[in-house]
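The values are calculated or read from the model by the stated rules, or taken from the named source; none is laboratory data. The structure displayed is predicted, hence computed values, not measured ones. With ideal geometry, Cβ positions are generated from the backbone for all residues, glycine too; neighbour counts draw on all protein chains shown. Protein only, heavy atoms only, side chains kept; ligands, DNA and RNA dropped before computing areas. Shrake-Rupley method; radii C 1.70, N 1.55, O 1.52, S 1.80 Å.
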Amino acid sequence: MRKKFETKAIRTQMERSKNSEHSSPIYLTSSFVFDTAEDMSSAFTEEENKTNIYSRFTNPNNTEFIQKITQMEGAEDGVAFASGMGAIYSTFAAFLNSGDHIVSCNSIFGSTHTLFTKYFPKWNILTSYFPFSNLKVAESLIQENTKCIYAESPTNPGVDILDLEALGKLAKKYNILLIIDNCFATPYLQKPISFGADLVIHSATKLMDGQGRVLGGVTVGKKELIKELFLFTRNSGASLSPFNAWILSKSLETLSLRVDRHSNNALKIAYQLEKQKNVNRVKYPFLKSHPQYNLAKKQMLKGGNIISFEVEGGLKAARAFMNSIKMCSISANLGDSRTIITHPASSTHSKLSLEDRLKIGITDNMIRLSVGLEHHEDIWNDIKNALKI
Ligand SMILES: Cc1ncc(COP(=O)(O)O)c(C=O)c1O
């Protein structure tokens with residue numbers, strides 16, 4: 001019988017050493033040794049050979065982490081990175097050539113947007129944007145040199161939902177890659193490959209670590225694509241450190257438990273926020289009022305831990321709310337065990353022009369709430385008190 005998600009997360013483990021340890025050890029080593037010159041030479045012969053040579057290429061902790069994610073996502077193979085942005089940048093750099101074109105959702109993480117607008121044009125790689133709710137526009141933007149469609153779902157910070165199955169069909173129709181950033185959902189809640197994605201990217205810094213300790217990233221997908229990406233990363237170097245890989249692999253053992261609790265807490269907080277007079281546009285995928293509620297129900301197991309909402313009264317009111325918070329943290333991260341409040345317009349998405357921000361609903365009074373694992377009543381009391389502004 002095929003093992004279930006939770007079992008794979010716990011029982012996928014590197015081979016035991018002669019010390020018979022129960023928990024995987026950390027291989028803090030830059031390189032690995034060979035018995036003979038011939039052995040070393042043959043390890044280098046095949047570039048994609050996964051014999052451990054040097055930790056920029058492979059390391060047992062990275063391999064264990066990658067094997068877990070590939071199993072969780074239903075992928076064939078993967079590459080681990082030093083951060084989510086390392087994964088995003090390296091994935092594009094490995095597959096795109098000068099003159100290629102990207103069709104991207106306009107609602108994407110701020111640094112990804114900066115890559116597309118500030119850096120990729122230097123290498124003659126241009127991006128066209130479609131609104132998350134209109135895949136007809138996405139199709140109309142596809143041109144001869146389009147290499148891939150790129151999207152997040154749910155989006156950061158608007159928690160809008162994209163139709164992954166429709167995107168998968170679109171990519172197939174034009175024989176281009178579909179690349180999905182699955183960071184907000186995690187493979188526990190959503191598996192983009194089952195809807196037709198070719199490559200799935202994560203910032204492992206978020207719910208995968210789940211305790212705000214380390215940065216990490218990963219890209220998984222089909223074997224032949226991952227082979228290309230592995231060779232690129234082995235040479236370009238944005239590899240995950242073995243220590244972070246060990247932390248992340250351990251964290252995955254509790255991913256389903258944590259994401260269940262995160263999602264349950266978030267739904268409770270979202271219900272409460274909806275009832276407040278001075279709170280508008282509460283968005284959470286599993287709230288019936290979410291414009292893509294049915295789609296979220298179709299492609300996600302639960303709603304995740306991110307809520308967006310607006311505090312009535314503009315920037316001043318949003319700042320006053322944040323400054324009145326006592327327990328929750330004002331921080332840029334998300335997916336931590338601690339509840340985090342962020343003001344995207346002046347932080348994570350501040351590099352977007354006002355016009356681009358407003359198009360995707362990042363108003364001056366929008367708050368992104370990453371609901372943590374504290375007791376939901378304590379989280380709500382803190383928010384409720386801060387809303388009495
Ligand atoms: C959706 C999304 N993708 C990618 C990233 C980048 O990840 P990292 O901070 O690990 O580089 C983030 C970070 O917030 C994110 O929210």
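Taking GluC sites (Glu not before Pro) as exposed when their DSSP state is a loop state and no more than 12 other Cβ atoms lie within 10 Å, the longest site-free interval of the chain runs over 145-389. Pairs of alpha carbons in segment 67-163 separated by more than 22 Å make up 34% of all such pairs. What whole number of Å gives the distance from the Cα centroid of segment 346-389 to the Cα centroid of segment 183-206? A separation of 23 Å, based on Cα centres.
Per residue, segment 12-95 exposes an accessible area of 51 Å² to a 1.4 Å probe, with every protein chain left in place. Largest GNM mean-square fluctuation among TYR293, TYR188, TYR119, using the chain with Cα springs under 10 Å: TYR119. Spin-label model, GLN13/HIS375: points 7 Å from Cα along the beta carbon direction are separated by 3.5 nm. Normalising by residue count, segment 177-284 has a Cα convex hull of 138 Å³ per residue. Among PRO242, PRO344, PRO25, which one shows the highest mean-square fluctuation when the chain is modelled as a Gaussian network with alpha-carbon springs under 10 Å? In this elastic network of the chain, the residue with the biggest mean-square fluctuation among PRO242, PRO344, PRO25 is PRO25.
Compared with the alpha-carbon gap, the fully stretched path from VAL137 to ASN280 is longer by 48.6 nm at 0.36 nm per residue. Which one of ILE108, GLY158, ALA94 is farthest out on the positive end of the charge dipole of segment 85-174, using unit charges on Cβ (Lys, Arg +1; Asp, Glu -1) and the Cα centre as origin? Towards the positive end, the residue furthest out is ALA94.
Taking the alpha-carbon centroid of each part, what is the distance from segment 49-73 to segment 272-307 in angstrom? What the calculation gives is 36 Å, centre to centre. Two numbers describe the Cα atoms of segment 28-91: Rg and Dmax, which are 13.5, 39 Å.
Take the Cβ atoms of SER289 and LYS384, set R0 to 22 Å, and the FRET efficiency comes out at 0.65.
Of the peptides 357-368, 85-96, the ranking by mean beta-carbon count within 10 Å, highest at the top, reads 85-96, 357-368.
Across segment 274-383, the convex hull enclosing all Cα atoms gives 114 Å³ per residue.
For a modelled paramagnetic label at ARG56, 7 Å from Cα along Cα-to-Cβ, the residues of segment 206-239 in reach, with backbone nitrogen under 16 Å, are 230-239. If R0 is taken as 51 Å, the Cβ-Cβ distance between SER30 and SER331 corresponds to a FRET efficiency of 0.95.
Among the listed pairs LYS250/LYS277; LYS118/LYS227; LYS298/LYS388; LYS8/LYS359; LYS4/LYS275; LYS8/LYS351, which are separated by more than 32 Å between their Cα atoms?
Cα-Cα > 32 Å for LYS250/LYS277; LYS298/LYS388; LYS8/LYS359; LYS4/LYS275; LYS8/LYS351; rest within.
Residue by residue, segment 15-32 carries 3J(HN,Hα) couplings of 4, 5, 7, 5, 7, 6, 4, 8, 8, 4, x, 9, 9, 7, 9, 6, 9, 10 Hz when phi is fed to the Karplus relation 6.51 cos²θ - 1.76 cosθ + 1.60 (θ = phi - 60°); x denotes Gly or Pro. Using Cα springs under 10 Å in a Gaussian network model of the chain, which residue among ILE149, ILE307, ILE176 shows the largest mean-square fluctuation? In this elastic network of the chain, the residue with the biggest mean-square fluctuation among ILE149, ILE307, ILE176 is ILE176. Grouping the Cα pair distances of the chain into 20 Å bins from zero gives a pair-distance distribution of 28, 56, 15, 1 percent in increasing distance order.
A compact globular protein would have a Cα radius of gyration near 2.2 N^0.38 Å; the ratio found for segment 5-137 is 1.40.
Selection among MET85, GLN299, PRO60 by position relative to the dipole of the chain gives GLN299 as farthest towards the positive end (Cβ unit charges, Cα centre). Here the accessible area is traced with a 1.4 Å probe on the protein chains. For the chain, carbon and sulfur cover 51 percent of it. Modelled label positions at LYS250 and GLU76, each set 7 Å beyond Cα in the direction of Cβ, lie 3.4 nm from each other.
Grab the alpha carbons of segment 153-217, take their convex hull, and tell me the volume per residue in Å³. Each step should come with its number before you reach the end.
Details: hull volume 5.1 nm³, N = 65.
Output value, Cα hull per residue: 78 Å³.
Derived from the Cα gyration tensor, the three semi-axes of the equivalent ellipsoid of segment 103-259 are 26, 19, 15 Å, largest first. Restricting the calculation to alpha carbons of segment 228-338 gives Rg and Dmax of 18.4, 55 angstrom.
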